[in-house]
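Down below is the structure, laid out as structure tokens.
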Amino acid sequence: MCEFLIERKCKVDALDKLRRTPLMDAAEVGCLDAVKVLLKNNASVNAEDSEGFNALSYCIDFVSKKDPKFYETAKYLVQYGANVNSEGKFARRTILHCAAAQGDKDFVHDLVENKEAKVRVKDNEDKTPIDYAKQTNNTELAEYLEQHAGTDNICGNILCKSIQQ
């Protein structure tokens, strides 16, 4: 259906009254096929709605081990340049929280080393990606994240301290 509408010149980044795009809608239901078509046709992966949320934000709240479609959709969005530090709309988790909970070592490494994912970010339950790795008894992953937690936002912290003084 997406391809049909795009062929008929429908805009891939059309906005509804909440400034949501078709990509956000597809991500929210974990429809990877639609996400692929939209991104292949140059949908803006980091477009934000009226509340500042993007397609990844809509997707990551639904990531669970029971239903892999949301995780796969989120990973695909990241592959296309989604902001990895975007928080989910409700749980405030990032894709790094989700990857740590999934025990996805390779993706965690990619997020931290290549995509500048923040390690110390907390969700609405005050948990970091490190906490999720520990929860799943993935000690190796938790240790890796702890080793990289010290590099988060060093410049931001220095800037904050200088502004406060």
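Does at least one position in region 153-164 carry a residue that is in a loop (DSSP other than H, G, I, E, B), modelled with pLDDT under 60 and in contact with a Lys or Arg (Cβ under 8 Å, 6 or more places away or on another chain)?
Pass one, region 153-164, residues in a loop (DSSP other than H, G, I, E, B): 153.
Retained after the next criterion (residues that are modelled with pLDDT under 60): 153.
If we keep only those that are in contact with a Lys or Arg (Cβ under 8 Å, 6 or more places away or on another chain) too, we end up with 153.
Looking for residues that are in a loop (DSSP other than H, G, I, E, B), modelled with pLDDT under 60 and in contact with a Lys or Arg (Cβ under 8 Å, 6 or more places away or on another chain), one finds at least one in region 153-164, hence yes.
Identify the residue in region 51-67 that is modelled with pLDDT under 95 and over 12 Å from the mean Cα position of the chain (by Cα) and, among all such residues, is surrounded by the fewest Cβ atoms within 10 Å (Cβ to Cβ).
Of everything passing the filter in region 51-67, 66 is surrounded by the fewest Cβ atoms within 10 Å (Cβ to Cβ).
Being at pLDDT 95 or above and out of contact with any Leu (no Cβ under 8 Å at 6 or more places or on another chain): is that true of residue 141 here? Please lay out each step first, then the result.
Details: at pLDDT 95 or above: yes; out of contact with any Leu (no Cβ under 8 Å at 6 or more places or on another chain): yes.
The answer is yes for residue 141.
What's the total number of residues in region 113-144 that are within 20 Å of residue 89 (Cα to Cα) and touching a Lys or Arg at 6+ places or on another chain (Cβ under 6 Å)?
Here the count works out to 3.
Pick out the one residue from 56, 77, 23 that is closer than 29 Å to residue 125 by Cα, touching a residue at least 40 places away in the same chain (Cβ under 8 Å) and in contact with a Leu (Cβ under 6 Å, 6 or more places away or on another chain). Even if it seems obvious, please write down each step before you answer.
Values: 56 fails: touching a residue at least 40 places away in the same chain (Cβ under 8 Å); 23 fails: touching a residue at least 40 places away in the same chain (Cβ under 8 Å).
Selected residue: 77, the only one of 56, 77, 23 that is closer than 29 Å to residue 125 by Cα, touching a residue at least 40 places away in the same chain (Cβ under 8 Å) and in contact with a Leu (Cβ under 6 Å, 6 or more places away or on another chain).
Within the bounds of region 44-66, is there any residue that is acidic (Asp, Glu) and part of a helix (DSSP H, G or I)?
no
If residue 18 meets every condition in (1) out of contact with any Ser or Thr (no Cβ under 6 Å at 6 or more places or on another chain); (2) surrounded by fewer than 18 Cβ atoms within 10 Å (Cβ to Cβ) apart from one, which number is that one?
Among (1) out of contact with any Ser or Thr (no Cβ under 6 Å at 6 or more places or on another chain); (2) surrounded by fewer than 18 Cβ atoms within 10 Å (Cβ to Cβ), residue 18 violates only (1).
Among the numbered conditions (1) under 21 Å from residue 115 (Cα atoms); (2) surrounded by 15 or more Cβ atoms within 10 Å (Cβ to Cβ); (3) at pLDDT 95 or above, tell me where residue 79 comes up short.
Every listed condition holds for residue 79 apart from (2).
For region 98-116, which residues satisfy the criterion of being surrounded by 18 or more Cβ atoms within 10 Å (Cβ to Cβ) and within 13 Å of residue 149 (Cα to Cα)?
If the condition is that a residue be surrounded by 18 or more Cβ atoms within 10 Å (Cβ to Cβ) and within 13 Å of residue 149 (Cα to Cα), then 108, 111, 112 are the ones that fit.
The values are calculated or read from the model by the stated rules, or taken from the named source; none is laboratory data. All values derive from a computational prediction rather than experimental measurement. Every residue, glycine as well, gets a Cβ built from its backbone with ideal geometry; the counts of neighbours run over all protein chains shown.
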